[in-house]
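Accompanying notes for the structure given below.
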Amino acid sequence: MCQSAAFGTMLRAAAKTLSVSSTTSVSRVISLSTRHYCERTPTKLRVSEAVSGAELGANVKVQGWVRSVRPQKENLFLHVNDGSCLQSLQIVAGSELNDPLLTFGSAVEVTGVLRKSPHQKQPFELEAHQIHVVGECNPVDFPFKIKERHGLEYIRQFPHLRCRTNAFSSLLRIRSEATTAIHSYFKESGFVQIHTPVITSNDCEGAGELFEVEPSGPDYDEDERFFSVPAFLTVSGQLHLEVMSGAFSRVYTFGPTFRAENSQSRRHLAEFFMVEAEVSFTQSLEDLTKVMEDMFRSATEHVLARCAEDVDLFHKHVTPGQRGNVDAMLKKKFPMITYSEAIDILNRSSQKFDFPTDWGCDLQTEHEKYLVKHCGNTPVFVTDYPYDLKPFYARDNQDHPKHTAAAVDLLVPGVGELCGGSLREERLDRLQARLEEAGLEDTYSWYLDLRRFGSVPHGGFGLGFERYLQCILGVQNIKDVIPFPRFSRSCLL
Ligand code: 4AD
């Protein structure tokens, strides 16, 4: 008999011998028959409230998933987690409440009284008088095993189940808190949030990495475009933010972004979240780098303070040593070097690079990582890239012979490029000339209008949210910091 079938037989035998009241085939209640406990409706508590001693002495109900089961001769110890915090609530019950269905991963509803715990490990515990198994979980088939610390790479194979591990649920809470922190930073700094569209008819970056959008199904004529024009999933909300920056001096957006990059790298996804900001009346790139640096610091300090236990789990068990790196990143003001200085640094280095380091070549990940190390393993701004490397919207520095654009990237330890931004070409004649050169004048006639009517110097940037999480948590692979990773040849679920 296979292990899984044996588990089923065991459950059926157990069901015959236990006194069980069931509401569904898998829903069972095991309770003490003391009338006293049933008199008052229990207060529902989240685990985060229960572990901090809310409603001490009161009749409470906690719902969650079993993280450990320890039956003893007279007592049964369970740990239950509901995703509200890293900690699990200790449940103590008499052994008569034990049930073979109470396995690692099963869903339960526990009613009882919250008491101070005599044990050092946790200040409070729930003395159970009723345990309701809401959903069983066969521990043989369940891919995660009790007391085992599974690696990120292993749990990545189970995108539908990995949120049930401590590491991934911590990651998801950190991600949620970091999102809040970023919104708070912008709100407190006077930015207006704009919902830029997911479907667009422009290729902002001009890199051709677009996913085209057309309906499918028998009711649609393949020869006729749904939107009359080619439409794509957005690669950046920048141009829509630029529209808004003609009326709002500070705007931002934070949403999903799509790139048809045929890359299996550890820092690229086909769908990622980007934070983008646009600031009007800018004097120089420093106006933008200040926003980038302030946002990075503010979000990171917020996450370290509000998600201390979750971040600790990463910094202690998943990526040991990373806490020191984060503290070092926050200590100093981020240095700033020009692209030309960066090229000099690379050319003076004794390290052999795979990609060329001639002036005019784009910086590759290996170069970015070297520059970060060279600058003391802290985030570093690189400014004034070759004009020809940058998209049509980047402001011309009009320098010679090394022709550059007022563009800036923020490079960070462990990741490389985290932010990319620029001053935008606000001068109508120059912008027009560049668009004409690229044959894009008609496509972007509306964009030229922005320069015709009340144009002001402005600029902005985009930050890759998943790369930000990689940077502060020290996670190597970008697929481990997003709930459902999409990349070439993979779109699970
Ligand atoms: O440098 P990028 O391409 O800049 C823009 O899209 C600008 N239009 C943004 C703006 O100025 N409003 O992308 C910005 C950041 C990168 O620095 C990187 O962190 C992230 O987005 N990024 C990706 N993250 C994950 N997977 C990908 N395929 C990414 N491509 C870019």
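The values are calculated or read from the model by the stated rules, or taken from the named source; none is laboratory data. Only a predicted model underlies this, so the values are computations on that prediction, with no experimental measurement involved. Counting neighbours? That spans all protein chains shown, and the Cβs are built from the backbone with ideal geometry, glycine included. Surface accessibility is based on the protein's heavy atoms, side chains included, excluding ligands, DNA and RNA. Shrake-Rupley method; radii C 1.70, N 1.55, O 1.52, S 1.80 Å.
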For this session: Taking residue 297 as the residue in question, decide whether it is farther than 30 Å from residue 208 by Cα, part of a helix (DSSP H, G or I), open to solvent by 50 Å² or more (accessible area, probe 1.4 Å) and of a type in the set (Lys, Arg).
Result: no
For this session: Being surrounded by fewer than 23 Cβ atoms within 10 Å (Cβ to Cβ), in the same structural domain as residue 390 (by TED's automatic domain parsing), within 16 Å of the ligand (Cβ to nearest atom) and not in a strand (DSSP E or B) narrows it down to one of 431, 440, so name that one.
Result: 440
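Rundown of residues vs (1) within 7 Å of the ligand (Cβ to nearest atom); (2) more than 21 Å from residue 182 (Cβ to Cβ), yes/no style:
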residue: 241; (1), (2): yes, no
residue: 250; (1), (2): no, no
residue: 256; (1), (2): no, no
residue: 264; (1), (2): no, yes
residue: 271; (1), (2): no, no
Seminar exercise, completed: For segment 121-137 the number of residues that are outside any strand (DSSP E or B), modelled with pLDDT of 95 or more and open to solvent by 20 Å² or more (accessible area, probe 1.4 Å) is 1
For this session: For residue 288, indicate whether it is assigned to a helix (DSSP H, G or I), within 28 Å of residue 486 (Cα to Cα) and of a type outside the set (S, T, N, Q).
Result: no
Exercise. Taking segment 273-282 as the region of interest, how many residues are more than 8 Å from the ligand (Cβ to nearest atom) and farther than 15 Å from residue 394 by Cα?
Worked result: 3
Seminar exercise, completed: Within segment 384-424, of all residues that are assigned to a strand (DSSP E or B) and among the β-branched types (Val, Ile, Thr), the one farthest from the ligand (Cβ to nearest atom) is 404
Problem set entry | Residues of segment 448-471 classified as among the hydroxyl-bearing types (Ser, Thr, Tyr) and either in a strand (DSSP E or B) or surrounded by fewer than 20 Cβ atoms within 10 Å (Cβ to Cβ) (or both), total | 1
Exercise. Considering only segment 197-214, how many residues are among the acidic types (Asp, Glu), more than 19 Å from residue 273 (Cβ to Cβ) and within 14 Å of the ligand (Cβ to nearest atom)?
Worked result: 1
Seminar exercise, completed: residue 490 fails exactly one of (1) closer than 30 Å to residue 311 by Cβ; (2) within 16 Å of the ligand (Cβ to nearest atom); (3) crowded, with 21+ Cβ neighbours inside 10 Å; (4) without any contact (Cβ under 8 Å) to a residue 60 or more places away in the chain, namely (3)
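Here are 288, 304, 313: which of them is of a type outside the set (Lys, Arg), out of contact with any helix residue (DSSP H, G or I) (no Cβ under 9 Å at 6 or more places or on another chain) and crowded, with 17+ Cβ neighbours inside 10 Å?
Answer to the selection: 288.
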Seminar exercise, completed: The condition of being assigned by TED's automatic domain parsing to the domain that holds residue 276 and in contact with a strand residue (DSSP E or B) (Cβ under 6 Å, 6 or more places away or on another chain) holds, among 408, 415, only for 408
For this session: Can you tell me which residue among 217, 237 is among the small types (Gly, Ala, Ser) and within 15 Å of the ligand (Cβ to nearest atom)?
Result: 237
Seminar exercise, completed: The number of residues in segment 197-236 that are within 21 Å of residue 434 (Cβ to Cβ), part of a loop (DSSP other than H, G, I, E, B) and open to solvent by less than 70 Å² (accessible area, probe 1.4 Å) is 11
Exercise. Taking the stated definitions as given, is residue 341 open to solvent by 20 Å² or more (accessible area, probe 1.4 Å), part of a helix (DSSP H, G or I) and in contact (Cβ under 8 Å) with a residue 12 or more places away in the chain?
Worked result: no
